[in-house]
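J.: Dropping a structure here in structure tokens format, bear with me for questions.
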Amino acid sequence: MSFITRGFAGRGRRTDTRIPPGQHEVSDWPVLTAGPTIEVPTDEWTLTIHTEDGAVRRWNWAEFQQLPMEEPQLDISCVTHWTRLDMPWRGVPLDVLFDGVRTEHAHVMAHSYGDYTTNVPLAELLGGRSWVMTEAFGEPLTAQHGGPARLVVPHLYFWKSAKWLKKLVTMPEEEAGFWESRGYHLHGDPQHEERYG
Ligand SMILES: Nc1nc2c(c(=O)[nH]1)N[C@H]1C(S)=C(S)[C@@H](COP(=O)(O)O)O[C@H]1N2
Ligand SMILES: [Mo]
């Protein structure tokens with residue numbers, strides 16, 4: 001009895017520091033999409049970075065595969081209160097994609113195939129804090145989870161992690177994306193429960 005109590009207490013202490021306030025841990029991976037699942041064949045997929053200088057970077061699928069990939073284990077928190085710890089991903093850090101890109105702009109709008117958008121400060125996409133992922137759990141990302149490639153910004157609520165990523169467009173001022181213009185917080189930090197604006 002005391003062994004079980006200690007076991008649960010120890011597990012509680014471990015996760016308490018990693019589960020943001022108002023969240024509970026799950027072991028599955030819910031699918032959340034506003035609208036239909038988008039099917040983007042890899043031979044039609046491109047990712048583009050737009051700045052005040054125009055379309056300054058573009059990769060097709062084959063070119064994207066040549067970029068250096070990382071395999072981070074990330075804790076993901078959705079504003080609908082689930083948190084999944086230690087998800088194994090594979091993708092290209094945005095530091096690599098933005099390497100050598102010059103812009104005066106401090107904000108980015110991520111655009112998906114199918115018109116979803118979400119805004120993130122540029123600085124928060126850099127410094128090892130976000131990736132364009134092509135795999136999760138050792139498998140290519142399924143269409144329902146945003147394959148062939150999705151943004152993942154693990155320190156912000158999961159609505160910032162645009163599925164079916166198509167374009168990253170820098171902006172001089174902060175503008176609201178799809179959910180941000182429908183009541184969600186402009187920033188979305190789970191540690192500070194920035195759920196609604
Ligand atoms: N293109 C696109 N990206 C999206 C969404 C969406 O509807 N369309 N939903 C967002 C929300 S609200 C969440 S919680 C996560 C869900 O990702 P998942 O279905 O892989 O769990 O994707 C985010 N990215
Ligand atoms: Mo969400």
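J.: Among the residues that make up the stretch 131-143, is at least one of them farther than 27 Å from Thr37 by Cα, β-branched (Val, Ile, Thr), without any contact (Cβ under 8 Å) to a residue 60 or more places away in the chain and open to solvent by 10 Å² or more (accessible area, probe 1.4 Å)?
T.: So in the stretch 131-143, the residues farther than 27 Å from Thr37 by Cα come out as none.
No, every residue in the stretch 131-143 fails to be farther than 27 Å from Thr37 by Cα, β-branched (Val, Ile, Thr), without any contact (Cβ under 8 Å) to a residue 60 or more places away in the chain and open to solvent by 10 Å² or more (accessible area, probe 1.4 Å).
J.: Sticking with this structure for a sec: When residues of the stretch 144-175 are filtered for being surrounded by 17 or more Cβ atoms within 10 Å (Cβ to Cβ) and over 15 Å from the mean Cα position of the chain (by Cα), how many remain?
T.: Within the stretch 144-175, residues that are surrounded by 17 or more Cβ atoms within 10 Å (Cβ to Cβ) and over 15 Å from the mean Cα position of the chain (by Cα) number 3.
J.: Those residues that are within 10 Å of ligand 1 (Cβ to nearest atom) and not in a loop (DSSP other than H, G, I, E, B), I need them from the stretch 144-197; list them, please.
T.: The answer is Gln144, His145, Arg150, Leu151, Val152, Phe158, Trp159, Lys160, Leu165, Lys166, Tyr184.
J.: Yes or no: Asp189 free of Cβ contacts under 8 Å to residues at least 40 places away in the same chain, away from ligand 2 (no atom under 16 Å from the Cβ) and not hydrophobic (A, V, I, L, M, F, W, C)?
T.: Details: free of Cβ contacts under 8 Å to residues at least 40 places away in the same chain: yes; away from ligand 2 (no atom under 16 Å from the Cβ): no; not hydrophobic (A, V, I, L, M, F, W, C): yes.
So Asp189 fails the test.
J.: Also, quick follow-up: For the stretch 5-19, indicate whether the set of residues that are within 16 Å of ligand 2 (Cβ to nearest atom), modelled with pLDDT of 95 or more, within 26 Å of Phe137 (Cβ to Cβ) and under 18 Å from the mean Cα position of the chain (by Cα) is non-empty. Even if it seems obvious, please write down each step before you answer.
T.: Filtering the stretch 5-19 down to residues within 16 Å of ligand 2 (Cβ to nearest atom) leaves none.
No; the residues of the stretch 5-19 include none that is within 16 Å of ligand 2 (Cβ to nearest atom), modelled with pLDDT of 95 or more, within 26 Å of Phe137 (Cβ to Cβ) and under 18 Å from the mean Cα position of the chain (by Cα).
J.: Something else now. Name every residue in the stretch 30-55 that is part of a loop (DSSP other than H, G, I, E, B) and more than 14 Å from ligand 1 (Cβ to nearest atom), in order of residue number.
T.: Quick first cut of the stretch 30-55, residues part of a loop (DSSP other than H, G, I, E, B) only: 30-41, 45, 52-53.
Selection gives Pro41, Glu52, Asp53.
The values are calculated or read from the model by the stated rules, or taken from the named source; none is laboratory data. All values reported here derive from a predicted model rather than from experimental measurement. Every residue, glycine among them, receives a Cβ derived from its backbone with ideal geometry; neighbour counts consider all protein chains shown. For accessibility, only protein heavy atoms count, side chains too; no ligands or nucleic acids. Shrake-Rupley method; radii C 1.70, N 1.55, O 1.52, S 1.80 Å.
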